[in-house]
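The values are calculated or read from the model by the stated rules, or taken from the named source; none is laboratory data. Quick caveat, the model's predicted, so the values are computed rather than measured. Using ideal geometry, Cβ is built from the backbone for each residue, glycine included, and neighbour counts are taken over all protein chains shown.
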Amino acid sequence: MNPFEFHRPVSVDAAQAQYRGLPDASYIAGGQSLLGALKLGLAAPSDLIDLGRLPGLDGIAIEGQALRIGAMATHARVAASPLVQQHIPALAALAGDIADPAVRTRGTLGGCLANNDPAACYPAALLGLGGTVHTAQRSIAADDFILGIYQTALEPGELITAVSFPIPTRAAYVKFKQPASRFALVGVFVSQGPQGARVAVTGAAASAFRATALEAALDKDWSAKALDGIVVSPDDLNTDLHASAAYRAHLVGVLARRAVGQAG
């Protein structure tokens, strides 16, 4: 691990100012992805800017017809929140099934989305619910936020402050886990709400994506049976030591039907 300077700003403005004034800085939220990258030599920032003491970034509240969750809310906090459990139980269940208790206690919503791991769960929830990522400068719609493998629409130094999730009529998330890491070999989030049917997939490709053919079928008939016969193409899906692209394509359909059945 390379040496670095550690900073603890006390406001969002101070954090961003520090980032701009340093040669090669990185924000650190829960650190569950970044610390591993540092140990493996995959990241070597000159400075780490700790977000843990920034006030007001871990709240959970209802705003209109949406659930707004602060970027520093941990997975465990999201899973245990009565508001999340009441209004979007699928999101609470997703958060409660991420990795293990140690990771859920430290990992954060904002850190997960900023990192945008191809097999992470929250990107599927963001797309599957049609959420909005709020930063200190602007708001970014889910469909504009995820750009590719570990790539988002965030500009250098731009800091996520909260995420808004429209409250759906129904929703569910089903994940086929890679047993060692508990990341999604494939995960499918489905919802029906103000934006119609949405189906988002994680773990299958370079980044989370929407399965528009499945969405179109569910807009006509919200039932697992409506998805029968729809073939998910393996083109552009991942093949690795855990599963082939063809197997992942098959899982997308299977898990989508299960998720629709769970959503009711």
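Values computed for the structure shown
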item: Residues located in region 94-109, provided they are touching a residue at least 24 places away in the same chain (Cβ under 8 Å) and either out of contact with any helix residue (DSSP H, G or I) (no Cβ under 9 Å at 6 or more places or on another chain) or β-branched (V, I, T) (or both); result: I98, D100, V103, T105, T108
item: Evaluation of L91 against (1) under 18 Å from S191 (Cα atoms); (2) touching a Pro at 6+ places or on another chain (Cβ under 9 Å); (3) hydrophobic (A, V, I, L, M, F, W, C) (one fails), failing number; result: (2)
item: Condition check for Q151: touching a residue at least 12 places away in the same chain (Cβ under 8 Å) and polar (S, T, N, Q); result: yes
item: Candidates A93, A14, filtered to the one that is among the hydrophobic types (A, V, I, L, M, F, W, C), within 16 Å of the chain's Cα centre (by Cα) and either buried (at least 16 other Cβ atoms within 10 Å of the Cβ) or not in a loop (DSSP other than H, G, I, E, B) (or both); result: A93
item: Residue check for T105: over 19 Å from L154 (Cβ atoms), crowded, with 19+ Cβ neighbours inside 10 Å and of a type in the set (S, T, N, Q); result: no
item: Verdict on I28 being more than 24 Å from S181 (Cβ to Cβ) and surrounded by 15 or more Cβ atoms within 10 Å (Cβ to Cβ); result: no
item: Any hit, region 189-205, residues being of a type in the set (S, T, Y), assigned by TED's automatic domain parsing to the domain that holds V103 and surrounded by 24 or more Cβ atoms within 10 Å (Cβ to Cβ); result: yes
item: Scan of region 145-182 for residues that are surrounded by fewer than 20 Cβ atoms within 10 Å (Cβ to Cβ), at negative phi and not in a strand (DSSP E or B), ordered by number; result: I149, A153, L154, E155, P156, E158, I167, T169, Q178, P179, A180, S181
